[in-house]
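What follows is one structure encoded as structure tokens, with my remarks underneath.
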Amino acid sequence: MIEMNSIGLIELTSIASGMLAADIMLKTSEVELIISRTICSGKYMVLIGGDVAAVRTAVENAAEQIGYGVIDSFVIPNVHRDIFPALAGHSQVSQLESLGILESFSVSALIEGADAAVKAANVQLIEVRLAMALGGKAFATMTGEVAAVTAAIEAGAHMIAEKGLLVNKVVIASPRPELLNEMI
């Protein structure tokens, strides 16, 4: 099993280029394929995991060799452990203290923002939803004390806004319990 202390992603406008990128990444380094699929609206994403050097090499080689259609890419060293269950939709949240929502025009910017958010404050990531039935957008939800969620949302929004891809950010104090049922 490959050590997963880092993740890397490449987001493309071309499905064909996306499949080629996945192949290049897997042939370049000893990395594990986490997600490789189409996303709305006709885009493609490849998310890999492994050690930092292997992930960095794989992402850089794919972006360099593909050229056409690369929207964005990233490597996150020491990715926060809450990212994986949130991506899979398996977070164990039973109630909402407050609710924070980050929304991005890009999958890659959102994952970077979500990682920055959970590293900035003591919050629990609920979900990271990636571009399916969202018109290519992505969003993350988190809960915790209002001050912590506010700090986390600000940190994540700052990261996304630096790329010019922030759609919105919201913090809801004492949300109604019905909102959690709609999210999970």
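Since every read-out is calculated from the coordinates, none of them should be taken as a lab result. Only a predicted model underlies this, so the values are computations on that prediction, with no experimental measurement involved. Note that each Cβ is placed from the backbone with ideal geometry, even for glycine, and that neighbours are counted across all protein chains shown.
5 Å is the cut-off here: which amide hydrogens, built 1.01 Å from N in the peptide plane, fall below it relative to I34, excluding neighbours closer than 5 in sequence?
Answer set, sorted by chain and number: L47, I48, G49.
Helix 146-162: angle to the longest alpha-carbon principal axis of the chain, degrees 0 to 90, nearest 10?
The answer is roughly 30 degrees.
Which aspartates and glutamates, on any chain, are close to K119 with Cα under 18 Å apart, when same-chain ones fewer than 8 places away are left out?
D82, E103, E127, E145, E154, E162
Report the rotationally averaged projected area of the stretch 6-77 based on its alpha-carbon convex hull, in square nanometres.
3.7
With runs of 4+ DSSP H residues as the only contributors, calculate the mean residue ellipticity of the chain at 222 nm using -39,500 (n - 2.57) per run, divided by the residue total and rounded to the nearest 500.
Calculated mean residue ellipticity at 222 nm is -12000 deg cm²/dmol.
State the Cα centre-to-centre distance between the stretch 74-90 and the stretch 141-184 in whole Å.
16
Explain nothing, just compute: Karplus ³J(HN,Hα) = 6.51 cos²θ - 1.76 cosθ + 1.60, θ = phi - 60°, for every residue of the stretch 103-116 in order, whole Hz, x for Gly and Pro.
10, 10, 6, 9, 4, 5, 5, 5, 5, 4, x, 5, 4, 4
Using only Cα atoms, find the angle between the long axis of helix 52-66 and the longest principal axis of the chain, and express it within 0 to 90 degrees, rounded to the nearest 10.
Helix 52-66 sits roughly 60 degrees off the main axis of the chain.
Taking amide H positions as placed 1.01 Å from N in the peptide plane, with prolines and chain starts having none, which residues 5 or more places from I126, or on another chain, fall under 5 Å of its amide H?
Those qualifying (amide H under 5 Å, at least 5 residues apart or on another chain) are T141, M142, T143.
Measure nothing fancy, just the Cα-based angle from helix 15-28's long axis to the longest principal axis of the chain, in degrees from 0 to 90, nearest 10.
The angle comes out near 80 degrees.
Are there chymotrypsin sites (Phe, Trp or Tyr not before Pro) in the stretch 16-121 that DSSP marks as loop and that have at most 14 other Cβ atoms within 10 Å, and which are they?
Answer in residue order: Y68.
Just subtract the alpha-carbon distance of I15 and N168 from 0.36 nm times their residue separation and send over the number in nm, one decimal.
Length gained between I15 and N168: 52.3 nm.
In whole Å, what are the extents of the chain along the principal axes defined by its C-alpha atoms, from largest to smallest?
So the extents along the principal axes, rounded to whole Å, are 48, 32, 28.
Under a Cβ-only charge scheme (Lys and Arg +1, Asp and Glu -1), can you give me the dipole magnitude of the stretch 83-183 about the Cα centre, in debye to the nearest 20?
Its charge dipole is roughly 160 debye.
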